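I have placed the structure first, in the form of C-alpha cells, so that the comments after it can refer back to it.
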Amino acid sequence: MLRIFAPQRPWVFGMVSEDNVIEDSVSVEDDFDGDDYDYDDGGDYYDDDYGDAGDDDDDYGLVEDDDFDDPGAMFSRRPKLGYTVLQEADIKQRQEDDISKVSTVLSLSQVEATILLRHYNWNVNEVHDEWFSDEERVRKSFGLFERPVVDVSYANEFTCGICFDLLPCDNFASASCGHPFCRECWQGYICTSINDGPGCLLLRCPEPSCKAAVGPDMIDKLAPCEEKEKYSQFLLRSYIEDNREAKWCPAPGCENAVNFAVGGGDFDVTCLCSYRFCWNCTVEAHRPVDCETVTKWMLKNSVDGENVNWILHNSKTCPKCKRPIEKNQGCMHMTCTPPCSYEFCWLCLRAWSSHGLATGGFYSCNVYEAEMQKGNVDAEMRREMAKNSFEKYTHYYERWASNQSSREKALEDLNRMESENMEKLCNVQCTTMSQLKCITEAWLQIVECRRVLKWTYAYGYYLPEHEKTKTQFFEYLQGEAEAGLERLHRCAEKELDKYVTADGPSSDFDDFRTKLTGLTSVTKTYFENLVRALENGLEDVNSTASNKTASPRSPASPRSPTGRNGKGRGSRGKESPRAGVSPKNVDDTSK
C-alpha cells in the first residue's frame, strides 16, 4: 500500500526548466504477491526500502523555496550534484589556469605548457608525472627543443626550403628547431593546416625530418586574423573534447559544457540552457533506462534497422538469385525479374514447374500444407516471428513517440502559460503570482513524467518475455503512473482553461488549486516508485516471491492493525490515496 504524507517543508521548482519535479515524503509497505497480482486490494507491492524515499540521495535536482526566484543560488548548488556547467568564459579561465599552473611548476613557457597539456588531454597531474619521470623523453616525443638544431645566426640571407627563394633573414621564421622558411610559405603551411581541421593543434615543423612542435606563438605571429580565430576555437574546444571529465551540451545552438565528477553516481545533468541529458552517452536524459538499452532502442528506431524488418515482414527472397521480392498481386505464381526470371510458388518457394492440377495450380498449394505438417517451413516461421517482432516493436514505439510529442506540447503549454496566461490569471482571479506556483509546478511535473514514461516503453520492449511476473509487475506500475499523469495533465490543460477565460473571480478557484497540488503530489509519488522499481531491475518481484515461499501467510491470520488499518508506521490519513487505487479523494476536492 502506498501512503503519502504532506511534507514538513514545501519543495518547489528552482527554475523554469523542462525537467524539474517536486519532492514529497513517501512511506510504503511491501506486500506484492507475485502469484496473485491482487493489485487493487490484495496487498502492497513496494519494498520496505521505499519507505525511506524522502531520505535518499535522489532529490531529482530540486531546490527549496528560498531559491525559486534566485537562479544564481540554484546553480551554485550544482557542484553538490556532482557536476558544474561551464560557459565559454569559464572554459577559457580554466584553460588559462591549467596552462599557468604547468608553466609555473615546470618552469616552461606558456607555449610549451600548452603543447604538453594538449598532448596529455589537459590532464595537469599526468603532465607533472610524465615530466618528472623523464623530462628528456617528453621533450623528444613532443618536439620541445631546448636549443635550435640549426644555427643560422651568422647568415644575412637564406634559401627557403619550400619555395627555394633567396631572401633576407628578416623575411624568415622558424620553430624551436631553427629550420628557416620564408614567412609566405609559413603562412600558407599554417593556413592549410588550420583549414583542414583540429589536426592543426599537432602541427610540426615543415622540415620532413624534424619533429619540432609549432605552438600558438607561431600562429599568432604568422596566421591571418580569420585563421587565428579558428585556431583559438580549436584549442578551446580541445579543452572539453579531450578532457575525460567534460563534455559539450548536445542541445542545438548551446555552447556550454558540463564538467562531471566521474564516479558521482547519477549521470543526468541539466545545462544552463535547461536541456537535460545523460552525461555518459549524451542522449537526452533517459532515467530510469540504462545507456545500453537506450543505444539499442535508438538503433532499433533507425531507418535502416526497420527497413530490414519491413523486408522480412513484407517480402520473400527468390529461391534462385536470393533477391527480395514483394508480392503485389493475388496469384501465387511468382516470376523474378530478368535476368533471373525464375518462376516459383509464393507459398512453398519451390519451382512452379512442379505445380499442376495435383497441387492446386494457381490457386492453392497443398505442398505447403504437407511441408508444414512435416515441420519443414523454417523460413516461414522466421517470417512469422519477424512479423510478431515488428508488431511488438510498433506497439512500444507508437507509445514512446506519443509521449515524446505530448512532452513537447506540454513544454509549449508551459511557456505559453508563463508568458501569456499567468498574468492574465492573476488579474481575472484576483490572486498573486506566488499563489499560482502550483500551476508551474504541475506543468513541470507533467513534462518530467512524460519523459520518464516515454523511456519506460523502451524498457518494456526489452523485458525478457519469459519473465511473466516482472512483466506484469512492470505493466501495473507503468499503468498506475500513466493513469495518474493523465489525470494531472487533463486538470492542468482542460480544467484550468475555464479559470483563465472567466469573466471574473471564480468561487471554486481555491478548490481547484488544492486539487491541482494534490494531483501533482500523487503523480510524482507514482513516478518516483516506478523509477526506483525499474532502476532496481524489478527485484522486488523476486524478493517478495522468495519471502512468500519462506514464510507463507496463514489464511486465518488477518493483517496486523498497525500494518494496513492501524495507526502504526505509514498509517494512512483521511486524504492519503493508496497506490493501485485511483486517488478519488484528491479528485473530489473541487466538488
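Before moving on, here are some points about what is shown:
- Candidates in segment 246-288 are the residues that are β-branched (Val, Ile, Thr) and within 26 Å of Ala481 (Cα to Cα); of these, the one that is surrounded by the fewest Cβ atoms within 10 Å (Cβ to Cβ) is Val283.
- Of all the criteria given as (1) out of contact with any Leu (no Cβ under 9 Å at 6 or more places or on another chain); (2) at pLDDT below 90, the one not satisfied by Pro206 is (2).
- Picking from residues in segment 111-165 that are acidic (Asp, Glu) and in contact with a helix residue (DSSP H, G or I) (Cβ under 9 Å, 6 or more places away or on another chain), the one that is surrounded by the fewest Cβ atoms within 10 Å (Cβ to Cβ) is Glu146.
- Residues within segment 478-521 that are open to solvent by less than 30 Å² (accessible area, probe 1.4 Å) and not β-branched (Val, Ile, Thr), tallied: 19
- Among residues of segment 508-541, those that are among the basic types (Lys, Arg) and touching a Ser or Thr at 6+ places or on another chain (Cβ under 8 Å), counted: 1
- In this structure, Cys225 does not satisfy being at pLDDT 90 or above and buried (at least 16 other Cβ atoms within 10 Å of the Cβ).
- Segments classed as strands (runs of 3 or more DSSP E), wholly inside segment 134-249, with at least 2 members that are under 38 Å from the mean Cα position of the chain (by Cα): 246-248
The values are calculated or read from the model by the stated rules, or taken from the named source; none is laboratory data. Everything numeric here is computed off the predicted structure, so don't read it as measured data. Here the Cβ is made from the backbone with ideal geometry for all residues, glycine too, and neighbour counts use every protein chain on show. Surface areas here come from the heavy atoms of the whole protein model, side chains and all, with no ligands, DNA or RNA. Shrake-Rupley method; radii C 1.70, N 1.55, O 1.52, S 1.80 Å.
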